[in-house]
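Report on the following structure.
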Amino acid sequence: MYIYNVTTNIEDSAHKEWLNWMKKSHIPDVLATGKFTDAKMCKVLVEEDMGGTTYSVQFTTPNKETLQRYYKEDAPKLRQEASELFAGKAVSFRTELEIISEH
């Protein structure tokens, strides 16, 4: 199992709109690709020097191949939408995590 983690810092001026869009549109759209089994959205509890609020969204996928298909088939369109809606107000970085064990 793999986790595709997207960490985003969103400016205060766009925070409510972004949070609503993530919950009602973006996360459901990513899950609708059929490439992820679930998603968790977490607020990062560290104050950033840059201000704003930081979130981590973790999408679980069964294997690396499925994640690679997501990058190729779905990610460009979904990232484009985010860029258009929140240009200059959000900074994101992505991390791939391999689940080694669960207890």
(request) Please work out which residue is farthest from Pro76 (Cα to Cα), limiting yourself to segment 35-53 and to residues that are open to solvent by less than 80 Å² (accessible area, probe 1.4 Å) and of a type in the set (A, V, I, L, M, F, W, C). (result) Val44
(request) Could you tell me whether segment 54-61 includes any residue that is touching an Asp or Glu at 6+ places or on another chain (Cβ under 8 Å) and either aromatic (Phe, Trp, Tyr) or open to solvent by 80 Å² or more (accessible area, probe 1.4 Å) (or both)? (result) yes
(message) If a residue must be touching a residue at least 24 places away in the same chain (Cβ under 8 Å) and not hydroxyl-bearing (Ser, Thr, Tyr), how many such residues does segment 23-82 contain?
(response) 25
(request) Go through segment 17-28 and count every residue that is exposed (fewer than 15 other Cβ atoms within 10 Å of the Cβ) and within 27 Å of Gln68 (Cβ to Cβ). (result) 3
(message) Against the condition open to solvent by 70 Å² or more (accessible area, probe 1.4 Å) and within 25 Å of Glu17 (Cβ to Cβ), how does Ala32 come out, does it pass?
(response) yes
(message) Looking only at residues that are assigned to a helix (DSSP H, G or I), touching a residue at least 60 places away in the same chain (Cβ under 8 Å) and hydrophobic (A, V, I, L, M, F, W, C) in segment 3-22, which one is nearest to Leu78 (Cα to Cα)?
(response) Trp21
(message) Quick check on segment 76-100: of everything there that is open to solvent by less than 90 Å² (accessible area, probe 1.4 Å) and basic (Lys, Arg), which residue is nearest to Lys16 (Cα to Cα)?
(response) Lys89
(request) Output the residues belonging to segment 64-74 that are open to solvent by less than 50 Å² (accessible area, probe 1.4 Å) and in contact with a strand residue (DSSP E or B) (Cβ under 9 Å, 6 or more places away or on another chain). (result) Thr66, Leu67, Tyr70
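The values are calculated or read from the model by the stated rules, or taken from the named source; none is laboratory data. A quick note: this is a predicted structure, and the numbers were derived from the prediction, not measured. Cβ sites come from the backbone with ideal geometry, for glycine too, and all protein chains shown count toward neighbours. Remember, those area values only see protein heavy atoms, side chains included, never the ligands or the DNA or RNA. Shrake-Rupley method; radii C 1.70, N 1.55, O 1.52, S 1.80 Å.
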